[in-house]
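Enquirer: So that we are looking at the same thing, I have put the structure below in structure tokens.
We did not get these values from a lab; they are worked out from the coordinates using the rules stated. What you are looking at is a predicted structure, and each value in this text was computed from that prediction instead of being measured. Glycine gets a Cβ as well: all are built from the backbone with ideal geometry, and neighbour counts include every protein chain shown.
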Amino acid sequence: MKVRKGIPKVGKLEIRLERWRSFLIQGLLLSGFLVLGMRAFWLQGIHAGFLQQKGEERYSRVLSIPASRGIIRDRNGQALAISIPAVSVWANREDLEIDEAQRRALAHCLNENPAEIARRLKGEDGVVYLKRQLPLDEAKRVMDLKIPGIYLQHGFHRAYPKSSEMAHLVGFTDADDKGQEGVELTYQAQLEGLAGARRVIRDRAGHVIEDVENIRSPRQGQDVSLSVDARIQHLAARELQRAVESSHAKAGAIVVLDSRTGEVLALVNSPDYDPNQRGGLSGAELRNRAITDTYEPGSTIKPFTIAAALEAGKVRPDTVISTHGGVLAIANHLIHDDHVAESYTVSEVIEHSSNVGAARIALDLPPVTLWDLFTDVGFGQKPRLGFPGEAGGRLRPYQNWKPIEQATMAFGNGMTVSLVQMARAYTVFPNEGILRPLSLIKVSAIPSGRSVLSVRTAREVTAMLETVVSAEGTAPEARVAGYRVAGKTGTAHKVARGHYVNKYVASFIGFAPVSAPRIVVAVMIDEPSGNRYYGGQVAAPVFSALTGEIMQLLDIPPDAPEPPIMASSPGSVGGRT
Amino acid sequence: MTRRDGLLFLLVMSLALGVIQSQQETRRRYIDLQQEKDHQVQLQTEGDQLQIEEGTLSASHRIEAHALHELGMQLPTPAQKHLLVVAPLSGGETR
């Protein structure tokens with residue numbers, strides 16, 4: 001700074017700055033503003049997307065939209081399987097910070113042994129599940145412990161309100177809510193719910209304040225309405241349990257069909273299991289014997305042998321068949337009857353379940369005639385219920401049949417069937433020769449079927465089957481008070497290592513009421529022990545008790561000629577209504 | 001600044017405040033909607049739980065066990081059952 005030399009003027013101090021200095025300062029300031037402006041333009045104009053993305057990343061989240069599995073219901077809308085939200089508790093051992101007190105508290109919340117929890121949490125890395133399918137309130141208590149490294153995974157828990165009674169039919173799902181058995185597996189695609197996902201923005205408080213995008217729409221699982229009636233299922237389960245216990249049998253099964261529509265109204269097996277508690281299950285408990293197991297049907301096949309002969313015009317119901325005193329020799333084999341008789345009419349062959357009579361009738365037929373009918377009613381083929389592990393049974397090609405095989409097949413030896421196949425085959429008699437497909441799903445209209453027998457033959461065989469439950473027949477214990485019923489007993493030796501052994505499968509398959517049939521009931525008792533092992537002794541009483549209860553449950557009017565009590569109006573019989 | 005500029009400035013400012021206000025309102029209502037949706041899910045869950053409870057409590061085997069063991073009832077044997085067939089009423093009768 002320069003100051004003029006000499007004496008300064010009083011009152012005014014004149015300072016003179018160089019102009020370039022002020023220009024420099026102004027230039028620097030302007031340049032600074034320009035840089036800031038350009039930076040602002042760059043950030044907010046050209047490069048805005050990047051910053052917005054960074055901002056959103058701070059607050060945006062991808063949320064899963066849960067989709068629950070469909071409900072399985074019975075034909076009356078009763079829930080048989082429902083999914084409810086549940087969570088799995090898992091630990092990431094890398095992040096885990098837990099002390100002894102917290103470990104005990106965690107074990108208490110999970111209702112587990114502290115030592116077991118400690119064992120699972122050992123180790124330095126990896127993820128370990130501590131408890132699956134925990135109710136939400138219990139999971140909340142776990143998270144309230146605020147243990148670093150303990151996390152929740154949301155999912156669903158499948159509950160089965162009818163427990164063991166529906167177990168074999170409904171099946172169950174695994175920990176990931178995927179069907180493993182029964183209807184749960186068969187209708188997996190329909191029942192399965194597919195979770196969706198959406199990107200949202202959350203505020204600092206964690207509230208979702210904006211939907212950014214819908215990544216994937218959820219698909220809720222669809223409900224499935226079965227043809228089964230839970231009430232009939234219960235009755236069948238109860239009667240089967242009683243029969244298996246009282247006859248000390250190894251196992252048993254019952255199938256109840258709606259004879260008009262082919263719907264499965266009940267399907268039970270013993271032994272069974274509780275699908276809500278599946279720990280330590282054995283294969284015997286899991287097996288759906290009525291569908292997956294085959295057995296030699298024994299005498300329950302005879303109505304089809306007779307029907308084939310009637311259709312071929314070889315016999316009439318009153319044709320007399322010589323039974324040679326109850327013994328028939330073919331090649332080196334002897335066929336026996338339990339009752340000794342010189343001859344039976346065709347109808348009496350069914351009534352008394354004559355093996356010799358059935359064999360003689362079958363031997364009069366070309367093998368193809370018998371094979372055709374057996375095939376037409378579904379033997380040797382899967383019943384196509386869509387159920388896992390369906391058995392088709394064994395029916396060998398007729399070209400290879402030897403006379404002894406044709407004769408023994410006439411009374412159900414040398415071929416195998418499943419109980420559900422037998423039940424379906426029997427629907428041709430009440431349906432006047434029409435065979436309809438089976439259905440596990442409730443149907444709205446009677447499905448079309450195909451004719452496998454003439455109406456006349458079906459009626460003639462039905463009349464014969466009605467004599468089976470007469471006092472002279474093999475199953476008077478199958479009678480049902482107030483109702484006309486028809487059916488056939490079966491008692492077959494089991495085969496072990498290629499030989500018949502003294503173990504039996506006792507069965508009874510019948511339908512009711514005969515005047516306007518509604519149901520077909522098939523009962524199979526596997527290895528009844530003791531003196532009572534005939535189908536007429538072990539399975540027929542089960543048929544009787546169950547059919548009687550179903551008739552009442554479905555409000556089917558009695559059709560027997562003389563019902564026990566007649567009342568003209570409510571209250572007119574001894575004051576009872 | 002002319003008077004017209006002043007009015008425009010005020011208008012722009014009030015619109016900006018309006019946008020902020022409506023954005024805030026949208027978010028508040030959206031939070032309410034989310035809470036209602038959560039509530040719907042909770043009710044759905046509760047409904048399913050009640051269905052399970054209803055199904056379990058009304059299971060025939062449970063009712064039967066209760067009747068047999070706690071109420072001392074028994075299942076009638078076939079001999080104890082009497083079927084009453086109510087004949088249709090004749091023309092002049094009324095109930």
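Enquirer: Under the definition of partner shielding as Cβ atoms of other protein chains within 10 Å of a residue Cβ, what is the mean value for peptide A:163-172?
Expert: 1
Enquirer: Shifting gears a bit: Please work out the C-alpha center-to-center distance from the stretch A:41-115 to the stretch A:338-371 and express it in whole Å.
Expert: 69
Enquirer: In debye, nearest 20: dipole of chain A around its Cα centre with unit charges on the Cβ of K, R (+) and D, E (-)? Walk me through the numbers on the way to the answer.
Expert: Details: 67 positive and 62 negative charges, 861 e Å.
Charge dipole, chain A, about its Cα centre: 4140 debye, nearest 20.
Enquirer: What does the extension gain come out to for residue A:112 and residue A:20, with contour length at 0.36 nm per residue minus their alpha carbon separation?
Expert: Length gained, residue A:112 through residue A:20: 24.6 nm.
Enquirer: Continuing with the same structure: Largest first and to the nearest Å, give the Cα extent of chain A along each principal axis.
Expert: Cα spread of chain A along its principal axes, largest to smallest: 167, 65, 52 Å.
Enquirer: Sticking with this structure for a sec: Work out from phi, with θ = phi - 60° and the Karplus expression 6.51 cos²θ - 1.76 cosθ + 1.60, the ³J(HN,Hα) of each residue of the stretch A:29-34, listed in order in whole Hz, and give x for Gly and Pro.
Expert: 4, 4, 4, x, 5, 4
Enquirer: How much length is gained on full extension from residue A:92 to residue A:122, taking 0.36 nm per residue of separation minus their Cα-Cα distance?
Expert: Details: separation 30, 0.36 × 30 = 10.80 nm, distance 1.09 nm.
The span from residue A:92 to residue A:122 would gain 9.7 nm if fully extended.
Enquirer: For chain B, just say rounded, prolate or oblate: build the C-alpha gyration tensor, square-root its eigenvalues into a ≥ b ≥ c, call rounded for a/c under 1.5, and beyond that prolate if a/b exceeds b/c, oblate if not.
Expert: In terms of gyration-tensor shape, oblate.
Enquirer: Can you work out the Karplus-derived ³J(HN,Hα) for every residue in the stretch A:137-154? Use 6.51 cos²θ - 1.76 cosθ + 1.60 with θ = phi - 60°, whole Hz, and x for glycine or proline.
Expert: My calculation for the stretch A:137-154 gives 5, 5, 5, 5, 5, 5, 5, 5, 6, 6, 8, x, x, 9, 10, 10, 10, 7 Hz in order.
Enquirer: If a paramagnetic tag sat 7 Å from the Cα of residue A:58 along the Cα-Cβ line, which residues of the stretch A:198-220 would have the backbone N under 11 Å from that point?
Expert: In the stretch A:198-220, the label zone of residue A:58 (backbone N under 11 Å from the point 7 Å along Cα→Cβ) covers A:204.
Enquirer: Let me ask something else about it. Label residue A:372 and residue A:340 with points 7 Å out from Cα along Cα→Cβ: what is the distance between them in nm?
Expert: So the two model labels end up 4.0 nm from each other.
Enquirer: Another one. From the square roots a ≥ b ≥ c of the eigenvalues of the alpha-carbon gyration tensor of the stretch A:272-428, which class results: rounded (a/c under 1.5), prolate (a/b over b/c), or oblate?
Expert: Details: a/c = 2.34, a/b = 2.00, b/c = 1.17.
Since a/c reaches 1.5 and a/b is larger than b/c, the shape of the stretch A:272-428 is classed as prolate.
Enquirer: Right, here's the next one. Classify the stretch A:444-500 from the C-alpha gyration tensor, please: rounded if a/c falls under 1.5, else prolate or oblate depending on whether a/b exceeds b/c.
Expert: Oblate.
Enquirer: If you line up the long axis of helix B:60-69 against the longest principal axis of chain B, both from Cα atoms, how many degrees apart are they, to the nearest 10?
Expert: 50
Enquirer: Quick one: if the Förster radius is 22 Å, what FRET efficiency do residue A:102 and residue A:143 give, using the C-beta to C-beta distance and rounding to 0.05?
Expert: The value I calculate is 0.95.
Enquirer: Distance in nm between label sites at residue B:80 and residue A:331, each 7 Å beyond Cα in the beta-carbon direction?
Expert: It works out to 5.5 nm between the two label points.
Enquirer: Please work out the FRET efficiency for the pair residue B:26 and residue A:190, using the Cβ-Cβ distance as r and a Förster radius of 51 Å; give the result to the nearest 0.05.
Expert: Step by step, r from the Cβ atoms, then E = 0.85.
Enquirer: Okay, next question. Could you work out the relative contact order of chain A? I mean the mean sequence separation of Cα pairs under 8 Å and 6+ apart, divided by the number of residues, in percent.
Expert: Details: 1203 pairs, mean separation 73.2, N = 577.
Once divided by the residue count of chain A, the mean separation gives 13 percent.
Enquirer: Could you list which residues have their amide H under 5 Å from that of residue A:210, counting only those 5 or more apart in sequence or on another chain, with H placed in the peptide plane?
Expert: A:201
Enquirer: Per-residue HN-Hα couplings for the stretch A:326-333, Karplus 6.51 cos²θ - 1.76 cosθ + 1.60 at θ = phi - 60°, whole Hz, x for Gly and Pro?
Expert: x, 9, 9, 9, 10, 6, 9, 10
Enquirer: Distance between Cα centroids, the stretch A:425-441 to the stretch A:217-245: provide it in whole Å.
Expert: Distance between centres, Cα-based: 21 Å.
Enquirer: Given R₀ = 45 Å, what would the calculated FRET efficiency be for residue A:399 paired with residue B:54, taking r from the Cβ atoms and rounding to 0.05?
Expert: The formula returns an efficiency of 0.20 here.
Enquirer: Let me ask you something else. Rounded to the nearest 10 degrees, what's the angle between the helix A:540-553 long axis and the longest principal axis of chain A, both from Cα atoms, 0 to 90?
Expert: Helix A:540-553 sits at roughly 60 degrees to that axis.
Enquirer: Count the DSSP beta bridges whose two residues both fall in chain A, then state the antiparallel fraction as a percent rounded to the nearest 5. Walk me through the intermediate numbers first.
Expert: Values: 78 of 81 bridges.
Roughly 95 percent of the beta bridges in chain A run antiparallel, per DSSP.
Enquirer: If you line up the long axis of helix B:3-57 against the longest principal axis of chain B, both from Cα atoms, how many degrees apart are they, to the nearest 10?
Expert: So the inclination is approximately 10 degrees.
Enquirer: Which peptide among A:497-509, A:462-474 comes first, and what is the full order, when sorted by highest mean count of other Cβ atoms within 10 Å?
Expert: Answer by packing, highest mean first, reads A:462-474, A:497-509.
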